[in-house]
Amino acid sequence: MLRGGAGRRRGTKANNKMKRFGAFVRKEFYHILRDRRTLLILFGMPVVMILLFGFAITNEIRDANIAILDLSKDQRSTELRDKILASSYFQLAKNLNSEEEIAEAFRDGKIKVVVVFESQFGEKLQTENAAQVQIIADASDPNTANTLVNYLQAIIGDYTIKLNETASIPYQISLDSRMWYNPELKSVYYFVPGLIAVLLMLVSAMMTSISIAREKELGTMEVLLASPMQAGQIIIAKVVPYVLLSLLDAIIILMLGKFVFEVPILGSLPLLFIEVLLFILLALSLGILISTVSDTQQTALLLSLMALMLPTILLSGFIFPIENMPLPLRIISNIIPARWFIVIVKSIMLKGSGLELLWQETLILCGFIAFLIAVSVKKFKIRLE
Amino acid sequence: MRTILYLVRKEFLQIFRNKGMLPIILVMPIIQLLVLSFAADFEIRNLKYYWIDKDQSTASRLLRSKLEGSGYFILSGTSFDTQAGAEMLEDGETDLVFEIPRHFEKDLINNSKNSIQLTVNAIDGTKAGLGSFYANRIVQDLAAELRTEYLSRLKFEPVKFQQVHTTYSFWFNESLNYKTFMVPGILVMLVTMIGAFISSMNIVREREVGTIEQLNVTPIKKHHFIIGKLLPLWVIGLVEFSIGLLVGWIVFGITSEGSLFLLYCFAAIYLVMVLGLGMFISTFTETQQQAMFISWFFLVIFLLMGGLFTAIENMPDWAQTITLFNPVRYFIEVVRLVMLKGATFWDIRMQFLVIASYAIIINGLAVWNYRKVA
């Protein structure tokens, strides 16, 4: 009888606790759902960004504007010229008549490359067995220039082989290239993992830090701390909705990547989700840490922008390859959690790697989490000044 | 006129009084310019290659020394096992694997044709593409060298075959330095970010804190208020631009080929546009958080579609059409044309026209949407 009552009381106590916790989570959800504009951005951002990266941001060259200066205008030069223009990489923008016009042609930035056939091109081929083609590229964008020169050389090389179909050229070496993991060299393959990292940082770290700082700024944090809830519970209740939002964002990106852009997910899906959750946890603890050191929204905002978003975008290997950076930046990139997360996601999705290859990176993420939580707990002040 | 002067003074006082704001306005851009210019480097160097030489001949050794000498490739390991190469690629320890087949040289002499196998980790498409181009160029160089040597050794008249030689030259940036390309673009990004963020948050803040009501009950006119708000920010934007140019010159040695005056004229009009955009955002947001998020959202799109990192010509046609509405695109074009190629006013008259119209439209919208009620 007595024991039953105590049990029930204990039961209701635990029940009450759960209820209170639930109410807290619900309150947080209301806060988020009420701010329609921010919500729209939170879900619109991943969709817009992945569509942009997938469709518009591409380094594949097509229809580059080319100008041709043909000083001989004979049969051979016309043949080669037609062959160049027949490829999908180039389209004729202008026929030049003299060398003086070359500089003029580059001036407005539309023409990327000029091809010059020397005079008596065909005749020289016939009598001297060799003729010259000069390629002048606008190298203000070095990679485009390099790529275009290479395409042109390949086309001219093909033409040379055709010219000599009857005679055999000694010492021909062909390079048989195979592109692994991404045979069509699509840029979206490269960006999807990074996009997940950036958006998780945005939602989990930036939003949480601002939302906690806002309670402080508006003075409502005091009310929360005075409630029978413990500080730890308050913080957990605060971050639960953001975990769900972040997961939803990650799923949206993965689905769009898979169904719209056919980015494969070769590895195990459960493993991918565990790693994503791990990273969300990491981002949240970062957000909590930032909120403990900042008192106003603006400080929290700027701190997360400068300390989280920019490094995540710039130094994680999301857009710019890390191995090209100078040594100091390469060293700094090691302490950026997104760097390790991007390696993990890329390997799981595109290479189908399992935990046996990724345990090191995973361990590093866990280490970050432990460290950040320890620091936040130490810094967290239950009393406000 | 006096009213505007007072308002401008008030703005400057507020900006300079905020100890947190000044470093953000002045120091951050410099750090960003430095970090970004070093980080945003798409120049492909130091590709790691794995070497599987099943032939061990003069030709294969020659190829390897050519790869080493090119400056593009760094050896990550060697073996005689195809499987080992595949594993290195899977672990991400290497970017490319070269495999020279057995009897490579012998076959080359007997059949005159042969192929080398190259396997590339293509997750990063750009890097993979350029890497295989470089490799191909080096292999073709080798073939040409071997051919000439072979022909010179022949005592009798060789079989006739015709060759087209190509020479190439890179204009405007002979050393193919990526920074020359990126720094002017990043400058645009900084000016745009500072302009849009500060102007949108500045006005919203008055609303959030409640001081906008005090301003609203004063007899100042709508245009007084707007000019008083934007003029200080406009000055800050131009200062920002100058700092960026200076850093580009001192640190990276990048000077403008074209007229600086022209550049400043364009920047002045462009800033009016950017500030108008920030003001427009501030007219329909209530909190700084919202203003920040919305500016961030638009800026990301503008910057990605602005041709800063990837060329606009490579985008699909519909995306190219969208970029016509992107103001950042025009400024990036102008800065690169003027600084790298020395374009004159006549070359960029279209960009001037477009950006001036955008400035008028967006500021018109902002003024129209601004209400003197809280």
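The values are calculated or read from the model by the stated rules, or taken from the named source; none is laboratory data. In this text, all values refer to a predicted model and were calculated from it rather than measured experimentally. Every residue, glycine among them, receives a Cβ derived from its backbone with ideal geometry; neighbour counts consider all protein chains shown.
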By my count, helices (runs of 4 or more DSSP H) wholly in segment B:63-164 with at least 1 residues that are touching a residue at least 60 places away in the same chain (Cβ under 8 Å) and aromatic (Phe, Trp, Tyr) are B:125-153
Going through segment A:17-61 in order, the residues found to be in contact (Cβ under 8 Å) with a residue 24 or more places away in the chain, of a type in the set (A, V, I, L, M, F, W, C), within 11 Å of chain B (Cβ to nearest Cβ) and more than 22 Å from A:Ile235 (Cβ to Cβ) are A:Met45, A:Met49, A:Leu51, A:Phe53, A:Ile57, A:Ile61
Would you check if there is a residue in segment B:314-334 being touching a helix residue (DSSP H, G or I) at 6+ places or on another chain (Cβ under 9 Å), among the basic types (Lys, Arg) and farther than 19 Å from B:Ile194 by Cα? no
Exactly one of A:Leu308, A:Leu314, A:Leu384 is modelled with pLDDT under 80 and outside the structural domain of A:Tyr189 (by TED's automatic domain parsing), and that residue is A:Leu384
Of the listed residues (A:Ile111, A:Ile161), the one being under 20 Å from B:Gln140 (Cα atoms) and either among the hydrophobic types (A, V, I, L, M, F, W, C) or part of a helix (DSSP H, G or I) (or both) is A:Ile161
Scanning segment A:336-385 residue by residue, those among the polar types (S, T, N, Q) and either loosely packed, with under 13 Cβ neighbours inside 10 Å or in a helix (DSSP H, G or I) (or both) turn out to be A:Ser347, A:Gln360, A:Thr362, A:Ser376
*Going by the structure shown, is B:Arg45 away from every other protein chain (no Cβ under 12 Å) and charged (D, E, K, R)?*
no
Checked against (1) within 16 Å of B:Met28 (Cβ to Cβ); (2) crowded, with 21+ Cβ neighbours inside 10 Å, B:Pro184 satisfies every condition except (1)
Checked pairs for segment A:143-158, first at the interface with chain B (Cβ under 7 Å from one of its Cβ atoms), second assigned to a helix (DSSP H, G or I), C-beta under 6 Å and 6 or more apart or across chains, list as A:Asn150/B:Phe133
Regarding B:Leu238, is this residue touching a Leu at 6+ places or on another chain (Cβ under 8 Å) and surrounded by 23 or more Cβ atoms within 10 Å (Cβ to Cβ)?
-> no
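Residue by residue, here is whether (1) outside any strand (DSSP E or B); (2) closer than 28 Å to B:Trp346 by Cβ holds:
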residue: A:Leu39; (1), (2): yes, no
residue: A:Phe43; (1), (2): yes, no
residue: A:Pro46; (1), (2): yes, no
residue: A:Ile61; (1), (2): yes, no
residue: A:Leu69; (1), (2): no, yes
residue: A:Glu79; (1), (2): yes, no
residue: A:Lys83; (1), (2): yes, no
residue: A:Ala131; (1), (2): no, no
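Okay, residues lined up against (1) in the same structural domain as B:Leu67 (by TED's automatic domain parsing); (2) on the phi > 0 side of the Ramachandran plot; (3) touching a strand residue (DSSP E or B) at 6+ places or on another chain (Cβ under 6 Å):
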position: B:His103; (1), (2), (3): yes, yes, no
position: B:Ser115; (1), (2), (3): yes, no, yes
position: B:Asp124; (1), (2), (3): yes, no, no
position: B:Gly131; (1), (2), (3): yes, no, yes
position: B:Asp141; (1), (2), (3): yes, no, no
Out of all the residues in segment A:138-150, is one or more part of a helix (DSSP H, G or I) and hydroxyl-bearing (Ser, Thr, Tyr)?
yes
Is it true that B:Leu13 is more than 14 Å from chain A (Cβ to nearest Cβ), at pLDDT 80 or above and assigned to a helix (DSSP H, G or I)?
-> yes
Quiz item: Regarding A:Leu327, is this residue farther than 18 Å from A:Met201 by Cα and of a type outside the set (Ser, Thr, Tyr)?
Solution: yes
Next on the checklist: Please verify whether A:Lys124 is touching a strand residue (DSSP E or B) at 6+ places or on another chain (Cβ under 6 Å), surrounded by fewer than 20 Cβ atoms within 10 Å (Cβ to Cβ) and part of a loop (DSSP other than H, G, I, E, B), treating the condition exactly as stated.
Outcome noted: no
